[in-house]
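Have a look at the structure below before the remarks.
The values are calculated or read from the model by the stated rules, or taken from the named source; none is laboratory data. The shown structure was predicted, so the numbers you read here are calculated from the model rather than taken from an experiment. As a convention, Cβ positions derive from the backbone with ideal geometry for all residues, glycine included, and neighbour counts pool all protein chains shown.
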Amino acid sequence: MFMATTASTAAPTSLASVTLEVADSEAAHRFYTAFGVDTYIRLRVSEADSAGFRGFTLGLTVSNPATVDGFFTSAVDAGATVLKPTAKSLWGYSGVVRAPDGTIWKIATSAKKDTGPDTREIDDLVLLLGVDAVKATRQFYVERGLTVAKSFGGKYTEFAPGTSSSPVKLALYKRSALAKDLGVPVDGDGSHRIVLGSTAGTFTDPDGFIWEPAA
């Protein structure tokens, strides 16, 4: 399970954990265990109101289409809703599902041809935040100690992992573009139902994502 930290502007911050807030933690744990990602996230109970697009996605990057299909099938068999069936695209091969707790997951590979069997191995887990202004939010995080690894102007930013033990990468994308990529309406309000665990202090970013000290 993962939690979030918020830090003062003077202290360096890195993403140490991700906590999903769910209505039923036991059911969520069963789902994520069957899906195969239970070691990457934390869970805690919350009844906070949340409607529509929650403004983020968790993405699995894997080595080949067979592994995409394996995780996708596991998620669906465990109760996930298909938002986008697995298919080839300009960027590779991917599919999108919504977990029973409402969290959206994208499973993808840059490979378009099957080059091997389903490995059940995850190369990267990326927390992609949908934000109103990528440049402004990027600067907000840079001022809190995060290091930019990749940046494409006002469209996309990816931060370098802050610690070797952190299994999740943090990235920013335009909220409207993220919703379009996931195949969902952009509208949404209420709680994001996610808390980010930091190595520093507590804060809320410009788009309302909450950081707390990681346990």
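Per-structure values
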read-out: Close pairs from region 42-62: first of a type in the set (Asp, Glu), partner part of a loop (DSSP other than H, G, I, E, B), Cβ under 8 Å, at least 6 apart; value: GLU47/ALA23; ASP49/SER191
read-out: Condition broken by ASP114, with the remaining ones in (1) in contact with a Pro (Cβ under 6 Å, 6 or more places away or on another chain); (2) modelled with pLDDT under 95; (3) closer than 21 Å to VAL195 by Cβ satisfied; value: (3)
read-out: Residue count, region 64-91 (criterion: more than 18 Å from the chain's Cα centre (by Cα), modelled with pLDDT of 95 or more, small (Gly, Ala, Ser) and not in a helix (DSSP H, G or I)); value: 3
read-out: Residue within region 100-120 that is buried (at least 22 other Cβ atoms within 10 Å of the Cβ), on the phi < 0 side of the Ramachandran plot, aromatic (Phe, Trp, Tyr) and in contact (Cβ under 8 Å) with a residue 40 or more places away in the chain present; value: yes
read-out: Residues within region 75-99 that are under 17 Å from ASN64 (Cβ atoms), small (Gly, Ala, Ser) and surrounded by 21 or more Cβ atoms within 10 Å (Cβ to Cβ), tallied; value: 2
read-out: The lone exception for LYS174 - which of (1) exposed (fewer than 13 other Cβ atoms within 10 Å of the Cβ); (2) in contact (Cβ under 8 Å) with a residue 12 or more places away in the chain; (3) among the charged types (D, E, K, R) it fails; value: (1)
read-out: GLY197 vs. criteria part of a loop (DSSP other than H, G, I, E, B) and over 22 Å from PHE71 (Cα atoms); value: no
read-out: Of all residues in region 131-147 being touching a strand residue (DSSP E or B) at 6+ places or on another chain (Cβ under 6 Å) and modelled with pLDDT of 95 or more, the one that is nearest to GLY188 (Cα to Cα); value: VAL131
